[in-house]
Amino acid sequence: DATCLLNSGIIHITCTGFQKETLYYLRNSGSSLNEEIPDGYNRCLVAGLLSPRLADIQPTSLTQEEQLQAVLSAAVETSSISLLTRCIKQWIAEEQPRSAPNLRFVLEWTWDKVVLTKKDFDRLCSPLFDGSCNFIDSQTLQSLQHCQLRLSNLTTVLNCFRKEAKELTKQGLVDLSNKLSVTKLLSQYASVVLWFCRCGLLPDNPDEAMQLTRPYYNYQLMQHYYAERRKKLEHLSRGKWNTCSLMIDNMICQLGDRVEHLWKRDEGGTGKYPPATLH
């Protein structure tokens, strides 16, 4: 944006810029995307929205499928999800000869993207939990944020498939629902890891390794606190009501026995909140 002061008055100038214009184009592309793949790819390439590895590759040397994958990736990375959801809705509604193959292609591409993103996220997270990393740099944090955003956007795409799907077999519906649930859980997990990083609880380090000047996970202190609260409730109840009345205990009970067994597995774990470690 710019403001110019002239003899005749003040002129306000607004220019969206080529990147914003390209994003607008992506968000408003409909089921005609297949016919506009070369144009969409070239727009994204000029706008710098594609992967750096594609910068030196001639568009003519790529297949139409490879160009489409690049455009879909740009849409997910820039949160232009309406490109995918709009296509999904129109292809399902139109029931044209190419609709089914297009839907299958986008669904398989979306799930492959989830798998690749999880691998990237696991690779970034590994040093945070194995003690090999003492601090997290801004670049790693940014990469974690990108993975979380990507998973969130892919969840939106799969949710659109789940809502709009009409003619699916029982097994097909189960598979789609499972993929949606897994992607949603991965997105939530990524959000939790980011929260721990921002709060200084990750990377994980032995308490005795250094004198920390930031908040850290003090299991002994927390375990003592909750144990005392449970003893107090047991004393007050005198057998008249359920002593499992701490809000956190009731929340954990809703998750079933699996959490209790998991927390008992760690050395010093009691099966109750808090867990012995953050792993």
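Among Ser99, Ser29, which is out of contact with any strand residue (DSSP E or B) (no Cβ under 6 Å at 6 or more places or on another chain), within 21 Å of Thr156 (Cα to Cα) and buried (at least 18 other Cβ atoms within 10 Å of the Cβ)? Being out of contact with any strand residue (DSSP E or B) (no Cβ under 6 Å at 6 or more places or on another chain), within 21 Å of Thr156 (Cα to Cα) and buried (at least 18 other Cβ atoms within 10 Å of the Cβ) holds for just one of Ser99, Ser29, which is Ser29. Contact annotation: residue pairs with Cβ atoms under 9 Å, 6 or more positions apart or on different chains, pairing a residue in segment 2-17 that is exposed (fewer than 10 other Cβ atoms within 10 Å of the Cβ) with a partner that is in a loop (DSSP other than H, G, I, E, B) and of a type in the set (Ser, Thr, Tyr), are Ala2/Thr14.
Annotation: of all residues in segment 128-157 being within 17 Å of Pro203 (Cβ to Cβ) and charged (D, E, K, R), the one that is modelled with the highest pLDDT is Asp137. Here the condition is being of a type outside the set (Val, Ile, Thr), assigned to a helix (DSSP H, G or I), within 18 Å of Glu66 (Cβ to Cβ) and out of contact with any Cys (no Cβ under 8 Å at 6 or more places or on another chain); of Leu83, Leu103, it holds for Leu83 alone. Taken together, the residues in segment 138-183 that are part of a loop (DSSP other than H, G, I, E, B), loosely packed, with under 15 Cβ neighbours inside 10 Å and either among the hydrophobic types (A, V, I, L, M, F, W, C) or in contact with a strand residue (DSSP E or B) (Cβ under 8 Å, 6 or more places away or on another chain) (or both) amount to 1.
Residue under question is Leu128, and the condition is that it be in a helix (DSSP H, G or I) and more than 21 Å from Ser73 (Cα to Cα); does it hold? Reasoning before the result, please.
Working: in a helix (DSSP H, G or I): yes; more than 21 Å from Ser73 (Cα to Cα): yes.
Criteria met by Leu128.
Table: residues versus (1) at pLDDT 85 or above; (2) outside any loop (DSSP other than H, G, I, E, B); (3) exposed (fewer than 10 other Cβ atoms within 10 Å of the Cβ); (4) of a type in the set (S, T, N, Q).
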position: Asp207; (1), (2), (3), (4): no, no, no, no
position: Gln223; (1), (2), (3), (4): yes, yes, no, yes
position: His235; (1), (2), (3), (4): no, yes, yes, no
position: Asn250; (1), (2), (3), (4): no, yes, no, yes
position: Arg258; (1), (2), (3), (4): yes, yes, yes, no
position: Ala276; (1), (2), (3), (4): no, no, no, no
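Counting only residues that are loosely packed, with under 10 Cβ neighbours inside 10 Å and among the charged types (D, E, K, R), segment 47-69 holds 2 of them. When Thr243 is tested against (1) within 29 Å of Lys118 (Cβ to Cβ); (2) modelled with pLDDT under 85, just one condition goes unmet, and that condition is (1). Screening Cys44, Cys15, Cys4 for residues that are part of a helix (DSSP H, G or I) and either at pLDDT below 90 or under 22 Å from His146 (Cα atoms) (or both) leaves exactly one candidate, Cys44.
The values are calculated or read from the model by the stated rules, or taken from the named source; none is laboratory data. Here the structure is a predicted model, which means the values were calculated and not measured. Please note: Cβ atoms are built from the backbone with ideal geometry, for glycine as well, and neighbour counts cover all protein chains shown.
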